[in-house]
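Rule-based calculations on the coordinates, nothing more; no lab input. Everything quoted here is computed from the prediction, not taken from an experiment. A quick note on method: Cβ atoms are made from the backbone with ideal geometry, for glycine too, and the neighbour counts reach across all protein chains shown.
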Amino acid sequence: MKTCVVIYNPSSGHTIKKRNIRRYKEIIEAYYDCVTFIGTEYQGHAKEIVSHIGYVDLLISMGGDGTFNEIVHGNLERKRRLVLAHIPVGTTNDVGVMFGYGKNIEKNIELCLKGEVRGIDIPLINNRPFVYVAGFGKFMNIPYDTNRALKKKYGHAAYLWNGIKDFFSRTKNYMIDYEINGEERHGLYSFMLISSATRIAGVNNFYKDVKLNDDTFEVLFCTYTRKVDILRAMAMLIATDATHVDGFESYRTNHLKISFDKYPKNAWCVDGEKLEIRTKVYDIKNERDIKILMPKTNINKLFVNKNKINAK
């Protein structure tokens, strides 16, 4: 008997109504014999559910990028890991768009269930996983500081409003040392991004050539503090990708170590949520081959080896 559990976030950007759950369940039951929906009740609940649930053939995340992050985190703590899937119903849905999903949830479920299982890399920051992006510095507090009620009501516009306010606030530089690809560097930086995604903060093609199974992630350090330079960088991102923007230091690696000269007062943003633990040293590396069932839409673009994996 094939089993499937769906963990959904009732507070995600597009509210999941009970009457819709019945329809979603009917669609999945065409592929799986036993389907169970479990709603989360508080932040961190999805991680707890996945950590302790029995074995199932497929576990679907139905929520925003933060919900999917929790489910991946819980899966990494299991002795016997599960095949995961992600149906985006959040505000920005960077991961869902990258995977090839649209806005219609029912169509997305069909795309998922007719898709293929692939092994993807999951970056870790001090052993805390993030699915697609971790950032620190200018603008990085916006995702977790934006009021959830405003996100639900106004969607992506709520982020934009907070982004405008942050733009006019003072830009701080942070003194850091970092080790990457056998080199040691030192400097002042206003923000940094570590990512494994083509789309970040709603910007498509932030990076144009990202592979989810090549044992690398993308690294970006920015030196800008002047508003005119930040505006120029934003304009360049529309025309090109982050690797071609002046003032950005870009790398591709599978291991990065960052050391601050002082304990940072601000928190890292991890897949849109606040990283609560703060320290002077952050070690970023890869966890290999987490199995994800995803649409066939963008597979040829996102994977080095196009051979699919047979889910067990």
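Tabulated data for the structure shown
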{"item": "Label point at Asp215 placed 7 Å out along Cα→Cβ; residues across region 274-292 whose backbone nitrogen lies under 12 Å", "result": "286-289"}
{"item": "Leading residue at positive end of dipole, the chain (Cβ point charges), from Gly135, Cys34, Asn205", "result": "Cys34"}
{"item": "Rounded to whole Hz, the Karplus (6.51, -1.76, 1.60) HN-Hα couplings of region 19-33, x for glycine and proline", "result": "5, 6, 4, 4, 5, 4, 5, 4, 5, 5, 5, 6, 10, 10, 6"}
{"item": "Protection proxy ranking, peptides 215-222, 75-82, 110-117, average beta carbon neighbours within 10 Å, highest first", "result": "215-222, 110-117, 75-82"}
{"item": "Net lengthening on full extension, Asp177/Asn104 (0.36 nm per residue, minus Cα-Cα)", "result": "21.8 nm"}
{"item": "Given charges at beta-carbon only (K, R positive; D, E negative), |dipole| of the chain in Debye", "result": "860 debye"}
{"item": "Difference of contour (0.36 nm per residue) and Cα-Cα distance, Arg185 to Ile27", "result": "51.6 nm"}
{"item": "Karplus-derived HN-Hα couplings along region 208-217 (A = 6.51, B = -1.76, C = 1.60, θ = phi - 60°), whole Hz, x at Gly and Pro", "result": "8, 10, 10, 10, 8, 9, 9, 6, 9, 9"}
{"item": "Candidates Asn141, Asn205, Asn266, ranked by Gaussian network fluctuation over the chain, Cα under 10 Å, top entry", "result": "Asn266"}
{"item": "Theoretical gain in end-to-end length, Arg252 to Asn20 [0.36 nm per residue, Cα-Cα removed]", "result": "79.3 nm"}
{"item": "Of Leu84, Thr3, Cys222, farthest towards positive along the dipole that unit charges on Lys, Arg, Asp, Glu beta carbons give the chain", "result": "Thr3"}
{"item": "Residue order, fewest to most surrounding Cβ atoms within 10 angstrom, among Thr91, Thr297", "result": "Thr297, Thr91"}
{"item": "Percentage of interatomic Cα-Cα distances in region 189-312 larger than 24 Å", "result": "37 percent"}
{"item": "Choice from Ile230, Ile87, Ile71 showing the highest fluctuation, given a GNM over the chain with Cα pairs closer than 10 Å", "result": "Ile230"}
{"item": "Point-to-point label distance, His52-Asp283, nm (Cα→Cβ direction, 7 Å offset)", "result": "3.0 nm"}
{"item": "Total formal charge among the other residues, if their Cβ is under 10 angstrom from that of Ile200, Lys/Arg +1 and Asp/Glu -1", "result": "-1"}
{"item": "Highest-MSF residue in the chain out of Tyr224, Tyr31, Tyr207 [GNM, Cα springs under 10 Å]", "result": "Tyr31"}
{"item": "Contact order normalised by residue count of the chain, Cα under 8 Å, 6+ apart, percent", "result": "22 percent"}
{"item": "Ascending count of other beta-carbon atoms within 10 Å, so fewest first, for His186, His45, His73", "result": "His186, His45, His73"}
{"item": "Inter-label distance for Lys114 and Met236, nm, one decimal - labels placed 7 Å from Cα along Cα-to-Cβ", "result": "4.2 nm"}
{"item": "Theoretical FRET efficiency, 1/(1+(r/R0)^6), r = Cβ-Cβ of Arg226 and Lys79, R0 41 Å, to 0.05", "result": "0.20"}
